[in-house]
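The structure appears right after this line, and notes come after that.
The values are calculated or read from the model by the stated rules, or taken from the named source; none is laboratory data. Not measured: the values here are computed from a predicted model. Positions of Cβ are generated from backbone atoms using ideal geometry, with glycine treated the same way; all protein chains shown enter the neighbour counts. These accessible areas exclude ligands, DNA and RNA; they are computed on the full protein's heavy atoms, side chains included. Shrake-Rupley method; radii C 1.70, N 1.55, O 1.52, S 1.80 Å.
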Amino acid sequence: MTISQVLFIVISLVVLGGGVMVVTARNLFHAALFLIVSFFGVTGLYVLLDAGFFAAAQFLVYIGAISILIIFAVMLTRGVQLAQPANSQWPAALVVSVIVFAIMALMLGPVAVTIGQRQFGSVSWPNVVEGQPAPAVPDDHLVRLGQSFVDFNQYGAAFLLTAVLILVAMVGAIWVARDRALKDVMEERAELAAEEAQEAMLAGPVQQPLPLAETRSAEAPAASVAHH
Amino acid sequence: MLNGIPLYWFLLVSAALFCIGLYGVLARKNAIAILMGVELMLNAVNINLLAFWRYVAPNAAAGLAFAAFIFVIAAAEAAIGLALMISVYRNTQSVDPDKLDSMKL
């Protein structure tokens, strides 16, 4: 056993153990914390794969941003946090997952298995020789990655499309999660202002109508998200 | 760093992580937990992409580029999915996908 192998096994146990806790934890907040544990283990796997840049990106994007987003969502939907963790079809889901894993392990594993006429397992990948070290990573692999993003013969178009996708997704997320439609807010404010103007007219010229800002702040607490 | 680790170890771990995520997506009663399962599945895909990059084609940028695209798409998916869940919760006080059947005939 080399040190790398021991590290791999430990990190894999962290990843898979965290993953199992994510899908079985009763408390959704604990599930979100175990998701961070699992992401952290995946960071370690990237380090083992000599992909340091992606380890850092995993740390920043998944642990720093996505899990915080998930924890926010868990807290904003707090009333249902402790609900039953699994639905009624969980035994079927477990069977399906185990079967899918068995098929994938059969296909990818090192042991050749013959079922009927077909042989599965012990796939030979190009450049992968059993017992030989993997080819060395070139020192400029990140330079090549960056150049492939700006080269329209490689991934330039895909890179631009991805940038548009994330922009549209962010604007869409803000629009979907907004408190109320802006149109409704404006209509309500106009109605309130009209009512007050009418009242002020009936009461006489001495009484001034409430400023718009005060009516807005008076209705604001009712419109904000209820948290328990 | 790869001293003595065969490629199929990575493939088996990522297959296992994918199936754990699949179980979460199929069996959880809470839509946010389902999104967590999807995140696990995307992570499994990324492990696979980077493992194949490292072992099969470390000189090509393809594996790294695809992994970077998966990162961006996972971020977009999480933002949209969680915004939808917050919106649904605000309207129905529930994030149980079994109860969101108002579009059923």
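Which numbered condition in (1) modelled with pLDDT of 85 or more; (2) outside any helix (DSSP H, G or I); (3) open to solvent by 30 Å² or more (accessible area, probe 1.4 Å); (4) of a type outside the set (Phe, Trp, Tyr) is the only one that residue B:88 fails?
(2)
Kindly indicate whether any position in segment B:11-22 is polar (S, T, N, Q), over 18 Å from residue A:16 (Cα atoms) and either open to solvent by less than 30 Å² (accessible area, probe 1.4 Å) or at the interface with chain A (Cβ under 7 Å from one of its Cβ atoms) (or both).
Within segment B:11-22, not a single residue is polar (S, T, N, Q), over 18 Å from residue A:16 (Cα atoms) and either open to solvent by less than 30 Å² (accessible area, probe 1.4 Å) or at the interface with chain A (Cβ under 7 Å from one of its Cβ atoms) (or both).
Take the residues of segment A:185-217 that are among the small types (Gly, Ala, Ser) and in a helix (DSSP H, G or I): which is modelled with the lowest pLDDT?
A:217
Restricting attention to segment B:29-46, report how many residues are without any contact (Cβ under 8 Å) to a residue 40 or more places away in the chain and either within 11 Å of the chain's Cα centre (by Cα) or open to solvent by 10 Å² or more (accessible area, probe 1.4 Å) (or both). Break it down stepwise before answering.
Initially, segment B:29-46 is screened for residues without any contact (Cβ under 8 Å) to a residue 40 or more places away in the chain, giving B:33, B:36-37, B:39-46.
Going one step further and asking which of them are either within 11 Å of the chain's Cα centre (by Cα) or open to solvent by 10 Å² or more (accessible area, probe 1.4 Å) (or both), we end up with B:36-37, B:39-46.
So the answer is 10.
One residue is enough: does segment A:10-25 have a residue meeting the conditions under 19 Å from residue A:78 (Cβ atoms) and either touching a residue at least 12 places away in the same chain (Cβ under 8 Å) or in the same structural domain as residue A:66 (by TED's automatic domain parsing) (or both)?
The answer is yes; a qualifying residue exists.
Could you list, in sequence order, the residues of segment B:57-72 that are over 26 Å from residue A:133 (Cα atoms), facing chain A (nearest Cβ under 7 Å) and open to solvent by 20 Å² or more (accessible area, probe 1.4 Å)?
Scanning segment B:57-72 gives B:69, B:72.
For residue B:103, which of the numbered conditions (1) in a helix (DSSP H, G or I); (2) more than 8 Å from chain A (Cβ to nearest Cβ) fails to hold?
Evaluating residue B:103 over (1) in a helix (DSSP H, G or I); (2) more than 8 Å from chain A (Cβ to nearest Cβ) leaves (1) as the failure.
Just need a number here: residues in segment A:4-13 that are more than 7 Å from chain B (Cβ to nearest Cβ) and surrounded by fewer than 17 Cβ atoms within 10 Å (Cβ to Cβ).
Summing the residues that are more than 7 Å from chain B (Cβ to nearest Cβ) and surrounded by fewer than 17 Cβ atoms within 10 Å (Cβ to Cβ) in segment A:4-13 gives 4.
Here's the yes/no breakdown for (1) in contact with a Leu (Cβ under 8 Å, 6 or more places away or on another chain); (2) open to solvent by less than 90 Å² (accessible area, probe 1.4 Å):
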{"site": "A:63", "(1), (2)": "no, yes"}
{"site": "A:85", "(1), (2)": "no, yes"}
{"site": "A:93", "(1), (2)": "yes, yes"}
{"site": "A:114", "(1), (2)": "no, no"}
{"site": "A:126", "(1), (2)": "no, yes"}
{"site": "A:137", "(1), (2)": "no, yes"}
{"site": "A:152", "(1), (2)": "no, no"}
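Please specify each residue of segment A:15-35 satisfying the condition of being open to solvent by less than 60 Å² (accessible area, probe 1.4 Å) and assigned to a helix (DSSP H, G or I). Steps first, please.
Start the filter on segment A:15-35 by keeping residues that are open to solvent by less than 60 Å² (accessible area, probe 1.4 Å), which leaves A:15-19, A:22-23, A:25, A:27-29, A:31-32, A:35.
Correct list: A:15, A:16, A:17, A:18, A:19, A:22, A:23, A:28, A:29, A:31, A:32, A:35.
Considering only segment B:1-15, state which residues are small (Gly, Ala, Ser) and over 17 Å from residue A:121 (Cβ atoms).
B:4
Can you name the residue in segment B:36-56 that is more than 7 Å from chain A (Cβ to nearest Cβ) and aliphatic (A, V, I, L, M) and, of all such residues, is farthest from residue A:127 (Cα to Cα)?
Filtering segment B:36-56 for residues that are more than 7 Å from chain A (Cβ to nearest Cβ) and aliphatic (A, V, I, L, M), the one farthest from residue A:127 (Cα to Cα) comes out as B:38.
Within the bounds of segment A:49-60, is there any residue that is touching a Ser or Thr at 6+ places or on another chain (Cβ under 7 Å), more than 8 Å from every other protein chain (Cβ to nearest Cβ), surrounded by fewer than 18 Cβ atoms within 10 Å (Cβ to Cβ) and modelled with pLDDT of 90 or more?
Yes.
Of everything in segment B:7-58 that's hydroxyl-bearing (Ser, Thr, Tyr) and touching a Leu at 6+ places or on another chain (Cβ under 8 Å), which residue is modelled with the highest pLDDT?
Out of the qualifying residues, it is B:23.
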